[in-house]
Amino acid sequence: MTPAPPHGSAAAAGDEHAFGTAAASRAEATPEDPEDRSADAVPDAEPGPAHRHAAHTWQEARQLAFDCATPIPAAPVALKDALGRQLAADVEAVLDMPHYASSAMDGWAVNGSGPWILAEPGQRLAPHQASPIVTGGLIPPGAKAVLRSESGEIAADEDGLPVLKLGGAAKPGEPRNGEHIRKAAEEAAAGEVLIKRGTLLNPAHLALAALAGHDTLPVLGKALVRLVFTGSEVVTAGVPQPGEVRDTFGPQLAGVVDMLGGICAGETKIGDSYAEWLAALEDTDPAEAFNESDAGQLSGSPVAELLPADVVITTGGTGRSGTDHLRRSVAELGGRLLVDGIAMRPGHPAVLAELPDGRFIIGLPGNPLAAMMALSTLGAPLLAALGHRTLPPVTEVPCGSTIDPDPGRTRLMPFRLVYGMASPAQHAGPGMMRGLAAADGVLVVPPHGVQLGEPVPAFALPWGPALPEPVAPKDKPVPKRAARKPAGTGGPVDWSGLLG
């Protein structure tokens with residue numbers, strides 16, 4: 001479980017957003033927020049004057065989401081779960097690698113020169129004795145080399161007893177002492193460092209760790225995330241009927257959480273009632289929180305599903321109508337709001353809260369593009385902080401169009417790079433996904449707007465490449481001028497200096 005933010009942190013400074021009672025939350029209710037409703041449920045609409053107030057600017061909300069969290073301590077995980085994780089300590093060989101001398105070939109373990117009398121496998125070999133062996137087999141005591149199967153043949157001696165002799169494929173002098181034997185500790189000795197701390201683990205690292213005798217590896221912590229999808233009108237398959245909307249979060253949100261550095265350990269679907277909201281956010285034992293009828297709504301690692309969450313991400317319910325219960329549920333559980341709305345669009349109803357048990361709640365609006373912009377603003381910094389990473393970078397790109405001012409609000413606009421300039425995408429309403437699907441990044445347009453060609457802040461998408469670094473303007477070379485002759489020399493005047 002994530003520890004509470006240290007005293008005096010940015011999170012602690014948000015006490016003015018703490019709730020006293022659920023009644024206080026209801027007293028602040030305002031008409032339903034269009035950005036919080038599910039995609040296609042309503043047309044794209046601008047929020048009215050009642051929604052223009054927000055407690056934080058985009059920059060403030062983003063920085064607070066990063067500052068409020070303490071990195072999750074390192075812990076051992078099973079090898080199969082360590083792929084892509086960052087190693088928290090050096091990995092040493094628990095035993096010699098290999099830990100016994102073995103054969104590198106199928107054939108016979110031999111002692112001395114041939115012909116060899118055949119002995120039982122595994123027994124000590126006397127001079128001129130041999131025993132069958134397979135690749136990886138334990139070299140028996142007394143064996144000096146391994147004769148390859150294609151280099152030997154079984155024949156009869158003068159008394160008709162079977163003996164091993166060199167075959168036609170044998171090379172002169174084969175086998176030499178030590179040939180085709182993998183010596184113990186040939187790859188590494190016990191205690192030798194094999195993988196350095198800080199390494200990002202790949203499949204070969206996991207295989208090496210297994211060879212070294214490890215069942216688990218210590219890795220830096222990552223946030224365990226549970227998803228709560230809301231909306232009784234949302235359908236997960238097929239074509240929605242009038243009054244229904246298609247689920248846009250189920251296919252994408254778990255994947256985006258993974259790209260942002262979290263571990264999605266489970267998801268559940270609830271309706272729109274306060275009781276369902278409260279039950280979904282309560283700190284119950286995950287193994288007991290859902291009955292068998294809920295099993296089809298959960299996904300993720302079976303082991304992870306039994307662990308407590310560090311972050312809960314909800315969709316919808318962040319408006320202030322009578323059917324929006326996120327704030328009331330947080331208040332009932334004794335939590336506090338760290339971010340209650342952001343002066344941005346789309347996604348301004350986003351909420352970041354913290355519960356007394358240390359869990360963080362990220363409330364995303366119900367419209368898909370608004371939710372993704374809110375997740376980029378709050379979720380990306382929070383998951384980075386919990387996962388021992390830095391604040392995701394914001395760079396600058398030249399703007400490919402003029403964008404009018406929108407006083408008091410930052411606008412997040414998906415864009416495409418066209419000839420090196422950022423052109424705002426079409427189809428970028430709060431309930432649309434077409435513009436984001438084709439985008440190269442997101443512009444962070446300040447309230448005063450942007451002029452054509454002016455640098456504008458931007459960030460990359462979790463699934464896309466990094467944005468190009470801004471090109472610094474080149475200084476124009478200063479023309480060189482010829483040195484003038486000293487005055488009063490009496491010679492002809494040199495006018496060349498005036499032509500430089």
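The values are calculated or read from the model by the stated rules, or taken from the named source; none is laboratory data. Quantities reported herein were computed from a predicted structural model and do not represent experimental measurements. Ideal geometry is used to build each Cβ from the backbone, glycine not excepted, and the neighbour counts take in all protein chains shown. Ligands, DNA and RNA are excluded from the accessible area calculation, which covers all protein heavy atoms including side chains. Shrake-Rupley method; radii C 1.70, N 1.55, O 1.52, S 1.80 Å.
General observations
- Criterion (over 15 Å from Trp58 (Cα atoms) and either part of a strand (DSSP E or B) or among the aliphatic types (A, V, I, L, M) (or both)) met by exactly one of Leu417, Leu382, Leu412, Leu375: Leu417
- Residue within segment 442-465 that is of a type in the set (Phe, Trp, Tyr) and modelled with pLDDT under 80 present: no
- Note on segment 434-463: residues that are out of contact with any Gly (no Cβ under 7 Å at 6 or more places or on another chain) and open to solvent by 10 Å² or more (accessible area, probe 1.4 Å) total 14.
- Selection count, segment 233-284, where residues are surrounded by 14 or more Cβ atoms within 10 Å (Cβ to Cβ), of a type in the set (Gly, Ala, Ser), more than 19 Å from His325 (Cα to Cα) and without any contact (Cβ under 8 Å) to a residue 60 or more places away in the chain: 4
- Hits in segment 285-335 - residues which are of a type in the set (A, V, I, L, M, F, W, C) and either open to solvent by 50 Å² or more (accessible area, probe 1.4 Å) or modelled with pLDDT under 90 (or both): Ala287, Ala289, Phe290, Ala295, Leu298, Val303, Ala304, Leu306, Leu307
- Meets criteria (among the basic types (Lys, Arg), open to solvent by 50 Å² or more (accessible area, probe 1.4 Å) and within 18 Å of Ala75 (Cα to Cα)) for Lys196: yes
- For segment 466-489, the criterion of being open to solvent by less than 100 Å² (accessible area, probe 1.4 Å), under 21 Å from Val257 (Cα atoms) and at pLDDT 90 or above is satisfied by at least one residue.
- Condition broken by Cys68, with the remaining ones in (1) of a type in the set (A, V, I, L, M, F, W, C); (2) touching a helix residue (DSSP H, G or I) at 6+ places or on another chain (Cβ under 8 Å); (3) open to solvent by 20 Å² or more (accessible area, probe 1.4 Å) satisfied: (3)
- Condition met for Ala265 (farther than 19 Å from Ala380 by Cα and not in a loop (DSSP other than H, G, I, E, B)): no
- When segment 143-202 is filtered for residues that are in contact with a Ser or Thr (Cβ under 7 Å, 6 or more places away or on another chain) and part of a strand (DSSP E or B), the ones remaining, listed by number, are Val146, Leu166, Ile181, Arg182.
- Qualifying residue in segment 207-226 (condition: touching a Ser or Thr at 6+ places or on another chain (Cβ under 9 Å) and over 22 Å from Leu79 (Cβ atoms)): yes
- Any hit, segment 133-156, residues being acidic (Asp, Glu) and either in contact with a helix residue (DSSP H, G or I) (Cβ under 8 Å, 6 or more places away or on another chain) or open to solvent by less than 60 Å² (accessible area, probe 1.4 Å) (or both): no
- Residue pairs meeting the criteria (Cβ under 9 Å; at least 6 apart or on separate chains; first of a type in the set (Asp, Glu), in segment 444-464; second open to solvent by 40 Å² or more (accessible area, probe 1.4 Å)): Glu454/Pro398; Glu454/Thr402
- Qualifying residue in segment 96-119 (condition: more than 15 Å from Ile181 (Cα to Cα), in contact (Cβ under 8 Å) with a residue 60 or more places away in the chain and crowded, with 17+ Cβ neighbours inside 10 Å): yes
- Taking segment 200-221 as the range and being closer than 18 Å to Gly387 by Cα and crowded, with 17+ Cβ neighbours inside 10 Å as the test, the residues that pass are Leu201, Leu217, Pro218, Val219, Leu220, Gly221.
- When Pro218 is tested against the conditions (1) at negative phi; (2) not in a strand (DSSP E or B), the lone failure is (2).
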